[in-house]
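A.B. asks: I have a structure here, written as structure tokens, and I will follow up with some questions on it.
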Amino acid sequence: MTGNTFSSARLALLVFLLGLHVPHHAGGAALEASDSTVSGPTLDLRLGRDRAYPGEDIEVTVTLVVGQEPLRNVQYPTLAGTGYRLSEFGPPRQKALEHEGRTLDAQEFVARLTPSRSGDYQVGPATLKAEVLLPGSGAAAFFGNNEPTPLKLESPSANLHVLPLPREGRPAGFTGAIGRFTLDRQVNPGEVQRGDPLTVTTVIRGEGNIEAFACPKLELHGVRSYPPRSRRTAESLSCEQVLVAEAASGLTVPATAISFFDPRTGRYRMVSADAVQVPVRPPRVAQPATPASALPEQDARPNQAVTDRTDFFTWAALLCTGLLMCLGVYGWMRKRPVTDVAQTGHANAHPPPRDWLAEARDALVAEDPERFHRAAFRALQGHLGASIGLAPGGITGDIVDLVLRDVGMEEPLLGQCKSLFDVCDRERYAPRADRKGGLDETYRLLQEVVGKG
């Protein structure tokens, strides 16, 4: 009896499992038959515009619509085609789409496409790989589990017409830059002493293929030039070059200009910066001490007669007059208000490093990153200028490698100065989104460097 009961139970379980298996296939067939009524995952490709010029950036958006079945292990899309450069796709942006009264989840991948030459192009198709989670079969269906299935999606292609750049009006120095840009140049300090460095900073900003610009090296007569240092971001190019005036006369930083093609107007444009005159003072020369041999010889003969004897009362009167004059000058100096040395100096004197250090501390407390890094940069300039006897305004990060090493500054201090200049320069030309992070560590290092002076 027990054996029959066990056999019956096994038979019932087998029939039950077969019953689970058969409806699954029937349901699958019904799903394929009604595929047109079910929204599955799709892939779409869109260009920011369908007409452009060579070298002009175009935004490319690939949109993945998830549909009803969940996806996992979604990879970044790839794009087929030739005749253009494509940047990496950024992280996907989540988006909700309305379709036939239903809300569908979507992910957008954005990149920038840059055509290299004129002509008609077919961009795409875009392809994307993922895994779709479908209802499981057999025992997996009994427990409600899903099974991952590889999925490869493909989008339609997009057409792009690339116009040729016009020959008419093309400047001689055109390097292929397309977009809209500005040019700014600064020379610091505005006046130097012969042998002191000055820094020429040229900044190009704008929208477009800014990589078409480069940093030229200035070569001037009577001036020692160091190689320019460039810093690039997605929207700017900064060129810094250190010059050392070796001529006694004035120094002229020549005018500069850049040219680019403006796709909005369809014309070439040129922007420029004027020449800058920098007065150069002769170096200070210490007066040599008068050698003893040049002093008049004193007559050491004790018994020589004095031919012109001065009356005693005349000498006494002259002595009293001189004493009264000294007392008067001393009294006037006592009544004259004392003026700080910094106030009596040059109108453009650099404030002492301790003042800038205090300014950096106040900016740190106020959580003002821009003011903090400006004050830290000035404090470092003033400290190094006083240490090596150079004008503070012309000291930049380049001075660390080009000058400070030659004057015997120790290697650990060189590294600290270089690190501080790099941090300040990065915040001046390419500020981060979270600019408050790391201010405490930068201030600690600044105290350690400036406090040695």
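The values are calculated or read from the model by the stated rules, or taken from the named source; none is laboratory data. Bear in mind the structure is a predicted one, so any value in this text is a computation, not a measurement. Reconstructed Cβ throughout: ideal geometry from the backbone, glycine too, with neighbour counts over all protein chains shown. Please note that ligands, DNA and RNA were not included when accessible areas were found on the heavy atoms of the full protein model with its side chains. Shrake-Rupley method; radii C 1.70, N 1.55, O 1.52, S 1.80 Å.
This table checks each residue for (1) hydroxyl-bearing (S, T, Y); (2) part of a strand (DSSP E or B); (3) touching a residue at least 12 places away in the same chain (Cβ under 8 Å); (4) open to solvent by 20 Å² or more (accessible area, probe 1.4 Å).
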site	(1), (2), (3), (4)
L218	no, no, yes, yes
P227	no, no, yes, yes
S230	yes, yes, yes, yes
L237	no, yes, yes, no
E240	no, yes, yes, no
L243	no, yes, yes, no
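A.B. asks: All but one of (1) acidic (D, E); (2) assigned to a strand (DSSP E or B); (3) modelled with pLDDT under 90 hold for E59, so report the exception by its number.
C.D. replies: Among (1) acidic (D, E); (2) assigned to a strand (DSSP E or B); (3) modelled with pLDDT under 90, E59 violates only (3).
A.B. asks: Need pairs with beta-carbon distance below 7 Å; first residue at positive phi and within the stretch 168-189, second surrounded by fewer than 16 Cβ atoms within 10 Å (Cβ to Cβ); sequence gap 6+ or separate chains.
C.D. replies: G169/R267; G179/E207
A.B. asks: Does L160 qualify as being among the aliphatic types (A, V, I, L, M), in contact (Cβ under 8 Å) with a residue 40 or more places away in the chain, farther than 15 Å from A273 by Cβ and part of a loop (DSSP other than H, G, I, E, B)? Let's see the steps before the verdict.
C.D. replies: Values: among the aliphatic types (A, V, I, L, M): yes; in contact (Cβ under 8 Å) with a residue 40 or more places away in the chain: yes; farther than 15 Å from A273 by Cβ: yes; part of a loop (DSSP other than H, G, I, E, B): no.
Against the criterion (among the aliphatic types (A, V, I, L, M), in contact (Cβ under 8 Å) with a residue 40 or more places away in the chain, farther than 15 Å from A273 by Cβ and part of a loop (DSSP other than H, G, I, E, B)), L160 does not qualify.
A.B. asks: Here's something else I'd like to know. Filter the stretch 181-222 down to residues that are under 19 Å from the mean Cα position of the chain (by Cα) and of a type in the set (D, E, K, R), then give me how many there are.
C.D. replies: 5
A.B. asks: Let me ask something else about it. Can you tell which of E69, E88, E98 is touching a strand residue (DSSP E or B) at 6+ places or on another chain (Cβ under 9 Å), among the acidic types (D, E), at pLDDT below 85 and loosely packed, with under 14 Cβ neighbours inside 10 Å? Spell out the reasoning first.
C.D. replies: Values: E69 fails: loosely packed, with under 14 Cβ neighbours inside 10 Å; E88 fails: at pLDDT below 85.
Going through E69, E88, E98 in turn, the sole match is E98.
A.B. asks: Considering only residues that are open to solvent by less than 30 Å² (accessible area, probe 1.4 Å), out of contact with any helix residue (DSSP H, G or I) (no Cβ under 9 Å at 6 or more places or on another chain) and in a loop (DSSP other than H, G, I, E, B), which ones fall in the stretch 191-213?
C.D. replies: Passing the criteria: N209, F213.
A.B. asks: Which of the residues belonging to the stretch 398-421 are under 18 Å from T201 (Cβ atoms) and modelled with pLDDT under 75?
C.D. replies: D398, I399, V400, D401, L402, V403
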